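Please treat every number below as a calculation from the coordinates, not as lab data. What you are looking at is a predicted structure, and each value in this text was computed from that prediction instead of being measured. Reconstructed Cβ throughout: ideal geometry from the backbone, glycine too, with neighbour counts over all protein chains shown.
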Amino acid sequence: MKKFIALVILGVFVAIGATLAEESKPSSGELLTKAWEAHGKHDTDNTFKYTNQLIELYKEQAAKEQAKLKYLPKTKEETEAVQELNDVATAYFIQAESFMRQEKIGDAKKLFQLIADNYYYAQAWDQRGWYWQVAEASKRSIKKIETGSIELEKKKVPVSQLVTKVVLNDPGKEDFVDYEKYGEFQNIGTKDYKYVIKDQEGLIAAVGEGVFPNTTSVRWDPEFKKAQKEKRLEGSQWDFLHSPDLEAAFIKWATTSEPQGVKLYYTGLILEKSGLIKQALKCYYAIVVHFPGAYGKTYWNTPWYVGQAALAKINFLLQRNPQLGYKLEDADIRILNGYDNDVSNDIVITDPGKFVKVGLMGKLKAKPDVNLLSIKRRLGKGKVHLVQYETGDWQLLVDEKPFMVKGITYSPTKVGESPDEGTLTSWMDDDFNANGKADGPYDSFVDKNKNNKQDSNEPTVGDFKLMKEMGANTIRLYHHPQKVNKEVLRDMYDAYGLRVIMGDFLGKYAIGSGAPWNPGTDYNNEEQKKKMMDSVLGMVNEYKDEPYILFWLLGNENVYGYACNADTQPEAFFKFANEVAKKIKEIDPEHPVAIGNGDVLFLDKFGQDAPDIDIFGTNAYRGNFGFGSLWGQVRSEADKPVIVTEFGCPAYAEGKTLDEAEDLQADYHRAAWEDIERNAAFEQGAGNAIGGIVYEWTDEWWKAYEPKIHDTKGLWTGPFPDGYMHEEWLGVVGQGDGSMSPFLRQPRKAYYMYKKLWK
C-alpha cells in the first residue's frame with residue numbers, strides 16, 4: 001500500500017513538473033521574435049541560439065501540422081492555426097539567410113532546400129502586414145545561388161485561357177431600368193429601406209442576363225453550354241476574376257453561389273472589362289436597389305461595403321461615358337457605425353436615387369466668384385492655413401493663394417539595399433559617384449531608349465528637376481529614423497519650388513515611442529506618449545522656420561495596428577494625436593497639422609476626438625475609379641479638408657506585358673487624380689479635397705525581401721489590375737534592370753500622364 005501511495009505521489013509530482021515545464025516553455029512566436037531581432041543586429045550567436053531552441057522544441061509539432069494540411073492556408077485564421085509549422089520553417093530560413101551573410105553558401109542552400117522539401121505550406125508574417133510563403137522564398141534563393149541572379153518572371157497566360165469578350169444572349173429590354181414600373185421603394189432614406197418586387201417577370205426581362213433577379217437565363221445562353229463542353233468553367237470563381245477569358249468569367253460569376261451583392265459586383269466588373277458598360281451599370285445599380293448593405297472582407301479583414309463601392313462605380317462610369325447622357329441623382333448609402341471592424345452593429349441608411357437624363361450643361365455645377373464669398377471657418381493664421389467658405393468648400397492657402405497639393409512620396413533607394421538587412425542608406429547623403437552631391441536628386445538621368453546605359457544624348461538632370469517638370473509641387477517626408485539634410489531640402493525649394501509635408505510616425509512601427517516592435521506602441525502608456533511628444537515637438541522646433549515646410553503630418557496608417565494598438569484603442573490614439581496637434585500649434589502657428597489615417601477606419605472617432613487636427617489625411621487604395629464615398633464621409637463625420645496622403649498602383653500585372661501594365665497603372669492614377677480634382681473646392685463633388693500624394697517616385701526593390709531582385713510576386717490581394725499588390729513596382733519611374741541604380745530613371749506612362757494633368 002505504501003508503495004502504491006508513493007507511486008501515486010510520484011506521478012502527481014511528475015504531472016506537476018510537466019505542467020510547470022510546459023508553462024515555462026517559451027512559445028515559438030517569442031523565440032522567433034528574438035531570432036529576428038538578433039538577425040537584424042547581425043548577432044550570429046543569438047540568431048542560432050534562438051532558432052535552434054525553437055526548432056528543437058517545435059519541430060515535431062511542425063511536422064504534424066504540415067502532414068495534416070492539403071492546401072496552403074488562405075485565411076489569417078487558417079494560417080495562425082499552424083503557427084508552429086510557420087515558425088519552424090521561418091527559423092530555418094533565418095539560419096539560411098545568416099549563412100548567406102557569412103558566405104557559407106553550401107550550408108545556406110541545404111537549409112533552403114530542406115524548407116522547400118518539407119515545409120511547403122508554411123507562411124511567415126511580415127511585420128509590414130502580410131504573409132509570405134517560406135518555401136517559395138527559399139526556392140528563389142536557391143535559384144539565386146545557382147545562377148547568380150533571378151530573372152524577371154515572364155508569366156504567360158495558360159493556353160486553355162482563351163482571350164474572349166462577353167456577347168450577351170439576353171441584354172434586357174431597358175438600358176436604364178425604371179424600377180418603379182416593377183415594384184415599390186419603401187422607407188427611402190431610413191434604416192428600414194427595401195424594394196419590393198411586384199412584377200418579377202417584367203423586371204427579369206428588363207434587366208437581362210446576369211443581373212438580379214435574372215439568375216437563370218445565363219444557363220440558357222449558348223455560350224454557357226459551349227464553355228461547359230470545352231471545360232472552361234472548371235475551378236473556383238475567384239480563379240476567373242482576372243482571366244482573359246471574359247466569357248467564361250462572366251458565366252462563372254453570374255452562376256456562382258456567392259452572396260448576391262458580391263456576385264453582382266464582380267459580374268459587373270467583368271462586363272465592364274468587356275466594354276458592356278450599360279449592362280455593368282445595371283449590375284452595380286441592382287446592388288444599390290436590392291442589397292445596399294452587402295459587404296465583403298478585405299485582405300486586412302476590414303469590411304468592404306459593396307453598395308458604396310457600386311455607387312462609386314456607377315458615378316465613375318457615367319462620368320467616363322458622357323455619351324450615355326445620364327446621371328444618378330440623390331443616391332446615397334450610409335453605414336452608421338461603419339467605421340470599425342464590427343459589421344454586427346451596422347445600420348444601413350439607403351436612398352437608391354434615380355437615373356435622370358442630362359445634357360452636358362446639366363452636369364456642370366456653376367462656380368461661384370470666390371471674392372464674393374464669406375469665410376465660414378479659418379484653420380490657422382500663418383502663411384499656410386485653411387479656409388472654409390460659406391458654401392462648405394475648403395482650400396489650402398499659401399501666402400493667401402490657393403494651393404493644390406500635387407505630391408510625391410520621394411524615398412529613392414539603391415537597388416540591393418534593404419532596411420531588413422540594415423543596409424538602407426539615406427538618399428540625402430548617398431554619393432556613390434563621389435562628386436559631392438546627392439545622387440538621386442542631382443545625378444539621375446532619363447534612359448530614353450531603355451538600354452540600361454547613359455548614352456551621350458541622355459544628360460544628367462536629377463530627380464528634383466524631373467519632378468518639377470512632371471508638375472509636382474510637394475514631396476512627403478518623415479524626419480525619422482534617418483536624419484534630414486536641411487541643405488538639400490533648401491536647395492530643392494529654392495531651385496525647383498518643391499515644398500515638404502514633414503511627418504512623425506507617432507509610434508507607428510514603434511518609431512519614436514521606445515516600445516518594442518511586439519506588442520508595439522501603447523497609446524495609454526504615459527512614458528511612451530512623452531517620448532512621442534518629445535519626438536514631434538523636436539521635429540517642429542527644428543524645422544518650423546524652414547521655408548519649404550507646407551504642413552505637419554502625424555502617423556501613417558496607425559489604425560491598422562501593426563506595431564501599435566491604435567486599432568484596438570482608437571479613442572486613445574486620436575485623443576493623443578489631438579494633444580500633440582495642440583502642442584504643435586503653441587510653438588508653430590504658421591503651419592497646419594494633418595493625420596495620416598488608414599482609409600476611413602475609425603473616421604467617426606477622429607471626428608469626435610481630434611478637433612484640433614486641421615486636415616484629414618488618408619492612405620487609400622480603392623481601385624481604378626477613384627475614392628468613391630470617402631469625400632462625403634469625411635464631410636459628414638468631421639467636416640475637415642482632405643488630402644489623400646498615399647495612393648498608387650503597380651506597373652506590373654500578371655498575364656500582361658510590361659507595356660500593358662504601364663497603361664493600367666496610368667489609367668488607375670488618372671482616375672484617382674480626376675476624382676481628387678472633382679472633389680476640390682467649387683467643383684462637382686464634396687468640395688473638400690486639397691490634393692494628393694502619389695505613391696511613389698521610384699520602384700523600391702527591397703519590398704519583397706530580395707533587394708537585388710525585382711520581384712513580381714503579389715504580396716497581398718487588393719483592387720489592382722491583376723488583383724494583387726506588387727509593392728516593388730509602385731514607382732511612376734522605374735530603375736531599369738538595376739545595374740545603374742541609383743542614377744538611371746525610366747519614366748513610365750503614369751509620369752507623362754501627370755505631366756499633362758498637373759501642368
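If you restrict to DSSP beta bridges whose two residues both lie in the chain, what percentage is antiparallel, to the nearest 5? Can you show the working numbers first?
Working: 37 of 75 bridges.
Of all bridge pairs located within the chain, approximately 50 percent are antiparallel.
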What do you get when you divide the Cα radius of gyration of the stretch 479-571 by 2.2 N^0.38 Å, with N the number of residues? 1.20
Values of log10 I(q)/I(0), in the order q = 0.13 Å⁻¹, for the stretch 179-363 under a Debye, Cα-only, solvent-free model: -0.72
For the stretch 414-531, restrict the atom set to alpha-carbon positions and state the Rg and Dmax in Å. 18.2, 59
Just need log10 I(q)/I(0) for the stretch 637-683 at q = 0.16, 0.32, 0.33 Å⁻¹, Debye formula, equal scatterers on the alpha-carbon atoms, no solvent, rounded to two decimals. -0.56, -1.14, -1.16
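Work through the residues other than Gly731 whose Cβ is under 13 Å from its Cβ and net out their charges, Lys, Arg +1 and Asp, Glu -1.
Cβ neighbours under 13 Å give a net charge of -3.
For a quick check: sort Tyr284, Tyr523, Tyr121 by the number of other beta carbons within 10 angstrom, fewest at the front.
Details: Tyr284 28, Tyr523 24, Tyr121 21.
The most exposed by this proxy come first: Tyr121, Tyr523, Tyr284.
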When every alpha-carbon pair in the chain is counted, what percent end up more than 47 Å apart? 25 percent
Over 30 Å between C-alpha atoms is what I'm after, so list which of Lys468/Lys605; Lys508/Lys640; Lys486/Lys583 land there. Lys468/Lys605
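Which whole-number percent is the relative contact order of the chain (Cα, under 8 Å, 6+ apart)? Can you show the working numbers first?
Numbers: 1429 pairs, mean separation 76.4, N = 759.
Relative CO of the chain lands at 10 percent.
Please give the FRET efficiency for Thr425 paired with Leu373, using the beta carbon to beta carbon distance and R0 = 60 Å, rounded to the nearest 0.05.
On the way: r = 49 Å, r/R0 = 0.82.
So, using R0 = 60 Å, E works out to roughly 0.75.
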In nm, what is the difference between 0.36 nm times the number of residues separating Asn435 and Val461 and their Cα-Cα distance? 7.9 nm
Holding the Cα-Cα limit at 32 Å, pick out from Lys297/Lys756; Lys76/Lys575; Lys529/Lys708; Lys109/Lys414; Lys414/Lys713; Lys64/Lys110 the pairs that are longer than that. Lys297/Lys756; Lys529/Lys708
What is the log10 of I(q)/I(0) for the stretch 507-619, computed with the Debye formula using one identical point scatterer on each Cα and no solvent, at q = 0.10, 0.18 Å⁻¹? -0.26, -0.85
Sorting check: for 421-429, 587-595, which peptide has the highest mean count of neighbouring beta carbons within 10 Å, and how do the rest follow? 587-595, 421-429
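Count the net charge of all other residues whose Cβ sits under 12 Å from the Cβ of Leu336, scoring Lys and Arg as +1 and Asp and Glu as -1.
Working: positive: Lys191, Arg334; negative: Asp340, Asp346, Asp604, Glu637.
So the environment of Leu336 carries a net charge of -2.
Output the peptides 564-573, 88-97 sorted from most to least packed, where packing is the average of other Cβ atoms within 10 Å over each peptide's residues. Write down the numbers at each step before the final one.
Numbers: 564-573: 21.4, 88-97: 25.4.
Peptide ranking by packing, descending: 88-97, 564-573.
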Could you tell me what fraction of 2.2 N^0.38 Å the Cα radius of gyration of the stretch 632-759 comes to, as a two-decimal ratio? 1.16
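Taking the number of other C-beta atoms within 10 Å as the exposure measure, put Ser444, Ser739 in order starting with the fewest.
Details: Ser444 26, Ser739 10.
Exposure proxy ranking, most exposed first: Ser739, Ser444.
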The FRET efficiency for Glu571 and Val163, from their Cβ-Cβ distance with R0 = 41 Å and rounded to 0.05, is 0.20
Under Stokes-Einstein, the stretch 22-147 at 25 °C and 0.890 mPa s, with its Kirkwood radius over C-alpha pairs, diffuses with a coefficient in µm²/s of 168 µm²/s
Order these by the 10 Å Cβ neighbour count, fewest first: Phe551, Phe224. Phe224, Phe551
Going Cα to Cα from Lys25, which aspartates and glutamates come in below 17 Å? Please leave out same-chain ones fewer than 8 positions away. Glu56, Glu60, Glu84, Asp87
